[in-house]
Each structure stands twice: as C-alpha cells, then as structure tokens.
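The values are calculated or read from the model by the stated rules, or taken from the named source; none is laboratory data. Owing to the predicted nature of the structure, the values given are computational and were not obtained by experimental measurement. Quick reminder, even Gly has a Cβ in these numbers, built from the backbone with ideal geometry, and neighbours come from all protein chains shown.
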Amino acid sequence: MDKRIGIYFHIPFCASRCAYCDFCSTENRRDLIPAYQEAIIAHLEEYAPRLEGYLVDTVYFGGGTPSWYGAKNLIKIFDALKRCCKVLVDAEVTLEANPDSIKEDELRQLRRAGFNRISIGMQSANDEILKFINRRHTNERALDAFEAARKAGFENISLDLIYGLPAQSREDWADTLTRAVLLGPEHISCYGLKVEEGTALWQYKDTPLIPDDDTQADMYLYTVSCLASHGYAQYEISNFAQRGFESRHNLKYWQLEDYAGFGASAASLVGASRYTFTSDVEEYIASVKNGNPVISESEEISLRERSMEYVMLGLRTVHGISAEDYAEYFRGGFEALLPLLESYRKYGYMREVDGRWSFTPEGFLLSNSLIGELLDALTEKKYNISTPWKQEDYYSSLF
C-alpha cells in the first residue's frame, strides 16, 4: 500500500522584511526569481523517484511571501509536482499570502489550478501597529484580501494573527480577534510574538514597548476562550479551527508523519531521515544548477529520539499522547511519565480523557518547561519536585 506524504515548497521572496521576521527570505529580489524557479523544479524532478511509493495528500507553499512570487510561477511548480508524483485529487493545497500582494485574478488562476486553502497574514487590525512592524497593508486591505479570496472560490481560509506586538494592549488584541472572527474564516492561527536577535524589533526586547509575559498570558487565555465561544476549537498550541478545517499539512509535523521540503531552508522528514537544505538562496540556486549537495544538516533518527519527539510534538496538540500509542509505536511503556502527568493534572496544567493526556490552556503557557521535565524523565534524569510550576502559589502569580 502506498504511504502518504506532505510536500512543502519554500518561497523565500518578499517585497520587504517585517520587523519581527527571522525566516529565510530575501527582500525585493525579483531578479533571482527566474533562477530560483528553475532550481526548485529541477530539484523536485531529480528527487521525485524517491517518492515513488508515496501518495501526496498535502502540499504547502510557504515563505517568504508566495503570493508576491506570482501565480504563474506557483502553478508551474504545482504542475511539475503533479507530473512527478502521485498527488491525490482531494489533496489539501495551501498558499501563504500577504494582503498587499493578493490579486483576485491571480487567486482565481490558483483556485482553478487546484489550490484550495489560503493562509492570509492579517497579523493585527490596528493600522499603527501594522505600520510599526513594517507590514505593507492596512486593516482595510486585509479585509479586501479576504473578500477577494472568497470571490475567487476559496472555501478554506486561514488568518494569521500575532499577539504581544509592540504597544499592543489587551483591548487592541480583543479588537483584532473580534474583527477576524466577524470575517468568518475556517481557521485562525494566533502566535505570541517572539523577539528574535537580528530582527528590527530586537532593539526593543525587554523594554516597556513589548507586552510582558503576564500580558501575553492574559491575551493567550482570552484567545482560547473567545475563539471557543465562536466555534473555533483549539487543536494545537497556536491553532484553532472550525470542525473539519484543521491544517492537514501542519498536523503532519506534529504527528511525526512524512514530509518532504524543496527550496532554500526547507526541511524534510522521510522515514528515519531528517535533513534541511541550505538557507542561502543564491547558494541553493547554484548548488542545484551545478549538481552540488544542497543539504546543510542531516541525521538519522533513532527509535529513542523518535519516542521523545512523540512526547514533545504530541503535547503541542490537544490530541496529546497516550500509553497505548506509545506502546504501539515504541514497544514500551511511559510509566516514567505518569508521576509528572498526575502532578500536572493536580495543578490544572494537564487533562486526561480516555487514556489521552493533553495540556489545558494554562498548561500550554508552561509547555516548554513541562515538556522539558517529561523528556528528562524519559531519559531517566532526576527532576526537582520543588520547581516553581509545581508550587501552589505559582499559577496565581502568573495572572
């Protein structure tokens, strides 16, 4: 029986760089697009024989700004994939897009070509905040872009939002959520701002301009409650969807399913092999053209590492983890985790339903620390029962 796989194409081109962005992308380099287009298709065609035993059930064009790259180029890549691989008729095919580069006629072309899901980077409804973080659109333009996607025939639209942005108040965030919900997208992603070194926002790290951890925590818990009341169920730390509209492609990452990436900085997990391509766009182009290696990192994942990733990634989702799954996948039990899981449940960070353990919204706020303890337990390291998130007064100190 054919196995299933997701395909990711990285499109590292943008009109300009957002103040918070540390992704692999280039600014206003249309001169590189023809060579990159040729390279990514050549790379796909060269690699395709290794996907002979797979059915492609999800395709994702991320970036960068794929909508700035141009519909014709995107369609040519997708057509090449369909020639090389077995793409299912009902495959989920996602395009990331920014409001300023969305054009209704191009969206219609993409929809006719088989693209059926679009993720629009709305980020905020506050025009002053959008300007400060160097977004090229206004809230009005985001609304127009959403309407254009609907008119083009997209019945599966996701909105990307960010909380914790510079000078963003709780009221600002509530207004952004309300405006997003009123549009009626099928999916909403809400990401807490992380100020990364090397970005334009780095100079403001740990200043009053950036909402502090307590404020971000409040925003997050409000998000979960607000979206649930409007029919958007949380299925991953940052992702919410109407029933049946969870991102099938992104679930592959969290459920340790196979995916193959193409393009600069794209990552793959195929079987037990994980590898990532160079993040230098011009190096990627030259390497593909000259037949040189494009892999910058690679590793073979052991069963033990896989078991730890099952815990780490599974607990990003509300589906969570279970002893039954663990025994089936790894031929072992996770008894070492049970004291910690019970402890987390006692303090309201974890729930257990029919043998499946998952974080509560409050637990998601502490997930990095809690997952770290669980991984230590799997590797038989001692954990300190006096760590602050196990103390009675720690939870109340957060809010």
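Of note, Y284 does not satisfy the criterion of being of a type in the set (S, T, Y), at pLDDT 95 or above, under 21 Å from the mean Cα position of the chain (by Cα) and buried (at least 19 other Cβ atoms within 10 Å of the Cβ). For segment 155-209, taking the residues that are within 18 Å of I237 (Cα to Cα) and hydroxyl-bearing (S, T, Y), the one that is farthest from the chain's Cα centre (by Cα) is identified as Y163.
The single condition among (1) assigned to a helix (DSSP H, G or I); (2) at pLDDT 95 or above; (3) surrounded by 18 or more Cβ atoms within 10 Å (Cβ to Cβ); (4) not charged (D, E, K, R) that W68 does not meet is (2).
Residues considered: S247, S273, S268, S238. Of these, the only one that is among the hydroxyl-bearing types (S, T, Y) and closer than 21 Å to Y36 by Cα is S268. For the structure I just gave you, tell me whether I295 is among the hydrophobic types (A, V, I, L, M, F, W, C) and surrounded by 13 or more Cβ atoms within 10 Å (Cβ to Cβ). No: the conditions fail for I295.
Considering each residue of segment 20-52, count those that are modelled with pLDDT of 85 or more, of a type in the set (S, T, N, Q) and part of a loop (DSSP other than H, G, I, E, B), and give that number. Of the residues in segment 20-52, 0 are modelled with pLDDT of 85 or more, of a type in the set (S, T, N, Q) and part of a loop (DSSP other than H, G, I, E, B). Looking only at residues in segment 251-281 that are hydrophobic (A, V, I, L, M, F, W, C) and more than 15 Å from C24 (Cβ to Cβ), the one that is surrounded by the most Cβ atoms within 10 Å (Cβ to Cβ) is A260.
Among the residues of segment 55-65, the ones that are surrounded by 19 or more Cβ atoms within 10 Å (Cβ to Cβ) and modelled with pLDDT of 95 or more come to 7 in all.
Scanning segment 130-163 for residues that are touching a Phe, Trp or Tyr at 6+ places or on another chain (Cβ under 7 Å) and over 29 Å from G244 (Cβ atoms) yields a single hit, I133.
Please tell me if K131 is assigned by TED's automatic domain parsing to the domain that holds R29, basic (K, R), under 30 Å from P208 (Cα atoms) and surrounded by fewer than 18 Cβ atoms within 10 Å (Cβ to Cβ). Please lay out each step first, then the result.
Values: assigned by TED's automatic domain parsing to the domain that holds R29: yes; basic (K, R): yes; under 30 Å from P208 (Cα atoms): yes; surrounded by fewer than 18 Cβ atoms within 10 Å (Cβ to Cβ): yes.
Yes: the conditions hold for K131.
On the basis of being under 22 Å from T276 (Cα atoms) and assigned to a loop (DSSP other than H, G, I, E, B), does D57 make the cut?
no
If only one of S268, S307, S279, S358 is farther than 24 Å from A217 by Cβ and modelled with pLDDT of 95 or more, which one is it?
Values: S307 fails: modelled with pLDDT of 95 or more; S279 fails: modelled with pLDDT of 95 or more; S358 fails: farther than 24 Å from A217 by Cβ.
On inspection, the qualifying residue turns out to be S268.
Need pairs with beta-carbon distance below 8 Å; first residue in contact (Cβ under 8 Å) with a residue 24 or more places away in the chain and within 21 Å of G320 (Cα to Cα) and within segment 249-268, second charged (D, E, K, R) and in a helix (DSSP H, G or I); sequence gap 6+ or separate chains. From segment 249-268, the pairs are L256/R306; L256/E309; D258/K252; Y259/K252. Remark: pairs (first residue in segment 38-58, within 16 Å of E257 (Cα to Cα); second residue β-branched (V, I, T); Cβ separation under 7 Å; 6+ apart in sequence or on different chains) = L51/I5; Y54/I5; V56/I5; V56/I7; V56/V87.
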